[in-house]
Amino acid sequence: MTDSPEAPQSPLTPLPEDWQRALAVVAHPDDLEYGCAAAVATWTDAGKEVSYLLATRGEAGIDTLDPAVCGPLREREQRASAAVVGVSAVEFLDHRDGVVEYGIALRRDIAAAIRRHRPQLVVTLNHRDTWGGTVWNTPDHVAVGRAALDAVADAGNRWIFPELREAGLEPWDGVRWVAVAGTDAPTHAVDATEGLERGVRSLLEHRTYIEVLTEEDPESYCRSFLTGFAESLAPRFGGRPAVAFELFGR
Ligand SMILES: [Zn+2]
């Protein structure tokens with residue numbers, strides 16, 4: 001059975017678990033915390049290694065804060081939120097928030113990180129134009145998601161980006177899947193039962209951002225958003241709250 005917008009209730013397959021290292025590649029601080037972090041907690045509990053790679057520091061994300069102040073603050077919040085779910089490796093590529101360009105430079109940066117971390121699984125965020133229907137995605141997410149999908153092949157080819165080999169980064173062709181979060185056509189899922197509470201704590205670490213975003217109490221905002229989303233997938237995943245992904249195999 002295939003998933004499609006016309007068959008929204010089709011069951012989700014458990015995401016493969018026979019891997020050891022994952023690299024999550026996203027545009028902004030908080031992109032992984034709006035859903036993925038509960039799955040990350042489950043993975044690190046199982047002894048898997050997960051690293052985060054962010055294209056920007058999210059410095060254009062808060063209207064009332066100058067980017068020079070906002071960038072370092074959001075970096076600190078991102079590192080704290082990663083630590084909550086067992087992730088200590090958090091890297092920033094320093095592309096400019098809001099104007100990330102899909103292209104060779106971004107593919108090269110991500111391919112370099114894939115060669116350094118040698119993951120079997122790459123995780124990224126929705127690379128499609130919309131979140132579903134007419135809810136428009138942001139250009140940074142589209143650029144980074146597409147570049148991550150492309151960079152897994154770049155990372156494995158010694159003739160693409162020869163400068164990476166000259167810098168000592170040998171090809172890594174071991175990525176077996178790219179799991180894309182936040183698409184409207186998920187195919188797979190991870191049980192969020194054990195990781196959900198840490199997922200809430202992880203999102204809550206983006207406190208400055210969230211306090212600007214909502215009038216609600218930050219903790220109840222984080223809990224109701226993430227719990228509601230995870231539970232909405234339960235009918236498609238054996239009644240269990242879930243984090244859903246669209247899985248691209250290689
Ligand atoms: Zn984002």
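The values are calculated or read from the model by the stated rules, or taken from the named source; none is laboratory data. On a predicted model such as this, the values are computed, not experimentally measured, just so you know. All Cβ positions, even for glycine, are placed from backbone atoms using ideal geometry, and neighbour counts span all protein chains on display.
Things worth noting here:
- Any hit, the stretch 229-243, residues being over 23 Å from TRP177 (Cβ atoms) and under 18 Å from the mean Cα position of the chain (by Cα): no
- Selection within the stretch 139-149 - surrounded by fewer than 23 Cβ atoms within 10 Å (Cβ to Cβ), more than 14 Å from the ligand (Cβ to nearest atom) and of a type in the set (A, V, I, L, M): LEU149
- Candidate set from the stretch 126-138 (those that are free of Cβ contacts under 8 Å to residues at least 40 places away in the same chain and not β-branched (Val, Ile, Thr)); member that is surrounded by the most Cβ atoms within 10 Å (Cβ to Cβ): ASN137
- When residues of the stretch 80-101 are limited to those that are surrounded by fewer than 17 Cβ atoms within 10 Å (Cβ to Cβ) and of a type in the set (D, E, K, R), the one modelled with the lowest pLDDT: ASP94
- A single entry from ILE114, ILE104, ILE110 fulfils the requirement of being surrounded by fewer than 17 Cβ atoms within 10 Å (Cβ to Cβ) and closer than 22 Å to ARG165 by Cβ: ILE104.
- For the stretch 55-66, the condition of being within 14 Å of the ligand (Cβ to nearest atom), under 20 Å from ALA155 (Cα atoms) and crowded, with 19+ Cβ neighbours inside 10 Å holds for at least one residue.
- Residue match in the stretch 11-21 (condition: within 16 Å of the chain's Cα centre (by Cα) and loosely packed, with under 15 Cβ neighbours inside 10 Å): no
- Residue in the stretch 118-136 that is farther than 26 Å from SER88 by Cβ, within 16 Å of the ligand (Cβ to nearest atom), part of a helix (DSSP H, G or I) and not hydrophobic (A, V, I, L, M, F, W, C) present: no
- Selection count, the stretch 42-86, where residues are more than 21 Å from HIS141 (Cα to Cα), among the β-branched types (Val, Ile, Thr) and touching a residue at least 24 places away in the same chain (Cβ under 8 Å): 5
- Among residues of the stretch 87-104 that are without any contact (Cβ under 8 Å) to a residue 40 or more places away in the chain, those with a Cβ under 6 angstrom from a residue that is of a type in the set (A, V, I, L, M) and surrounded by 17 or more Cβ atoms within 10 Å (Cβ to Cβ), sequence gap 6+ or separate chain, pair up as VAL90/ALA82; PHE92/LEU54.
- Residue satisfying condition, being acidic (Asp, Glu), touching a strand residue (DSSP E or B) at 6+ places or on another chain (Cβ under 6 Å) and not in a helix (DSSP H, G or I), within set GLU215, GLU194, GLU170, GLU246: GLU246
- Consider the stretch 150-159 and keep the residues that are crowded, with 18+ Cβ neighbours inside 10 Å and not acidic (Asp, Glu). The one that is farthest from the ligand (Cβ to nearest atom) is ALA155.
- Scanning the stretch 10-33 for residues that are among the hydrophobic types (A, V, I, L, M, F, W, C) and within 16 Å of the ligand (Cβ to nearest atom) yields ALA24, VAL25, VAL26, ALA27, LEU32.
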